[in-house]
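**Q** I am attaching a structure below and will ask some questions about it afterwards.
What follows is calculated from the coordinates using simple rules that are stated; it is not laboratory data. Bear in mind that the values here come from a model prediction, so they are computed numbers and not experimental data. Don't worry about glycine lacking a Cβ; one is built from the backbone with ideal geometry, like all the others, and counts go over all protein chains shown.
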Amino acid sequence: MRKILLLSLVCGALFAQREIEIQVGKIHCNLCAASIKFALQKCEGVISVEAKEGEKKAVVIAEDNADTNAMIEALKNAKYEKAKILSIKQK
C-alpha cells in the first residue's frame with residue numbers, strides 16, 4: 001500500500017501542470033492568434049495555447065516548471081510588448 005501511495009505522489013509531481021492566463025492586448029485576427037500561439041509554443045514546458053480573435057488574453061497549459069518570464073519574452077519578441085501574466089492556477 002505504501003508503494004502505491006508513494007508512486008501516486010511521485011507521478012503527480014512529475015506531471016503537475018499550470019494554467020497561465022497572459023494579457024496580450026487585442027487579438028485582431030486569426031493571424032494575430034496564430035502568431036501568439038507560435039511564439040508561446042516555442043517555450044519549453046508549454047503543452048497547449050489558446051488564443052482567440054477578439055479576446056485580449058492567451059491561456060497556456062504548461063508543465064509546472066515552465067518559465068513564465070520566457071513566455072513574456074517570447075511574446076515581446078513577437079511584438080506584443082505589453083504582455084503580462086494575469087493569473088497562474090494549478091491544474
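**Q** Please give the FRET efficiency for Gln23 paired with Ser48, using the beta carbon to beta carbon distance and R0 = 22 Å, rounded to the nearest 0.05.
**A** My answer for the efficiency is 0.75.
**Q** Give the relative contact order (percent, whole number) for the range 16-77; include only Cα pairs under 8 Å separated by 6+ residues.
**A** The normalised contact order for the range 16-77 reaches 42 percent.
**Q** Sticking with this one: Give the lysines reachable from Lys89 as a straight Cα distance under 24 Å; neighbours fewer than 8 places away on the same chain don't count.
**A** Lys89 reaches Lys26, Lys37, Lys42, Lys52, Lys56, Lys57, Lys76.
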